[in-house]
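Below is one structure, written out as C-alpha cells, with a few remarks after it.
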Ligand SMILES: C[S@@+](CC[C@H](N)C(=O)[O-])C[C@H]1O[C@@H](n2cnc3c(N)ncnc32)[C@H](O)[C@@H]1O
C-alpha cells in the first residue's frame, strides 16, 4: 500500500514542484549545458549530467508497439511514485540502480507515443476535416451554450490557454477533437469584440511532429518544448490536459492554480494503489497508469475545491472530462 500522506509529512506539506525547479531543468535541458542539480524530497541536492545513461533491456520487457524506443527526455515523478519505497529501493528506471533518489524531475530515458508516417498535407487535410466535424457537432454547440449561460463576472477571467498531452495530430481523431475544442474555447473565452478574436493558446507534447507544429500554428496554437508550457502558467490561464502521460495536475497544483482547468474528472486521493496494474519494463515489475501518469492528490483536490464544475460534453474525443472554473472570491 502506498500512501502519499508520507510525502506530505516529509516535505512539511511544501510543494514538491516549484517554478524555480522547472526553470532550472528548462535551462539545462534546452541549452544542453551545465549540471542538473535537483533536491530530493528530504532537501538533499543530487547532481546529474544532461546525458542520461542508457537503460538495460531485458527479454521480459513488455514492449509497447505504440511507443517509441527510449530517448532522453524530462521525467516527472508523481507523488505516488515518490512515496513508493519499493520503487526507489529496487527500480532501475532512471539508471541509478542502487540509490535512485526521490527527486521529482530529472532528465532520463523516456518513451513517447509513436508518430504515424503521415505526409504533412494529408495530416493538415485530416485535421481540417475533423475540426470541421467538431465545429458542426452537437457537443461543440453544447460547450458554447455551457459557457454562454455562465455569469462570467462570477469567475476568474481567462487570458490564455495552455494545453498538455493532447497528442499528435497523426495519432487519432481524439487528438483532432481535443485541439479543435481548444480552438472553440479560445474563441468563446475571448472578450475582444473583434470578429474572429481568440485567446493566445500554447500546447506542450513531446510527441508533436514538425507537421503538427505547423498545422497547429496555422490554427493559432503555438507548440512549446517540454517543460516551457509549465512556465506559461499564471492565475488567468485555462489549462486543458486530457490523459497526459505525466502528473500535470499535481505539477500545476504545486506551481500555479489556474483560473480554469479542463481535465479528467478529479477523483479521491489515489492511495489505493493495490487496484493499479503492473507490467515488466527494464527487467523489473513496475506500476502503470495512473500511478506513472496523472494521478490525483489532496493538493489536486484542494486546487478545485472552490471551483464550479460542469461535465465536458461527452463525445469520441472526451469522456470523463470535467470543466473546473475558479469562482471570484467575494470581497472581505
Ligand atoms: C495517453 S496519451 C493521450 C493523448 C490524448 N490526449 C488522448 O486523450 O488520446 C498521453 C500523451 O501525453 C504526452 N506526454 C508525455 N510526456 C509529456 C510531457 N512532458 N508534456 C506533455 N505531454 C506529454 C504523450 O506524448 C501523449 O501524447
Worksheet item: How far is it, in nm, from the label point at residue 314 to the one at residue 327 when both lie 7 Å from their Cα along the line to the Cβ?
Response: 2.7 nm
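Using 0.36 nm per residue of separation minus the Cα-Cα distance, give me the extension gain between residue 51 and residue 301 in nm, one decimal. Intermediate values should be presented prior to the final figure.
Working: separation 250, 0.36 × 250 = 90.00 nm, distance 3.57 nm.
Separation in residues times 0.36 nm, less the Cα-Cα distance, equals 86.4 nm.
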Worksheet entry | Isotropically averaged projected area of segment 161-200, using the convex hull of Cα atoms (one quarter of hull area), nm² | 3.0 nm²
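At R0 = 41 Å, how high is the FRET efficiency between residue 24 and residue 116 if r is their beta carbon distance? Nearest 0.05 is fine.
Numbers: r = 35 Å, r/R0 = 0.85.
For R0 = 41 Å, the calculated efficiency reads 0.75.
Which peptide among 214-222, 256-264, 26-34 comes first, and what is the full order, when sorted by highest mean count of other Cβ atoms within 10 Å?
Values: 214-222: 16.7, 256-264: 22.7, 26-34: 13.1.
Ranking, from highest mean packing down: 256-264, 214-222, 26-34.
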Response to the item:
The convex hull of the Cα atoms of segment 105-212, divided by residue count, gives a volume in Å³ per residue of 135 Å³
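Since every read-out is calculated from the coordinates, none of them should be taken as a lab result. Because the structure is predicted, anything quoted here is derived from the model rather than measured. In this analysis, Cβ positions are derived from the backbone assuming ideal geometry, glycine residues included, and neighbour counts consider all displayed protein chains.
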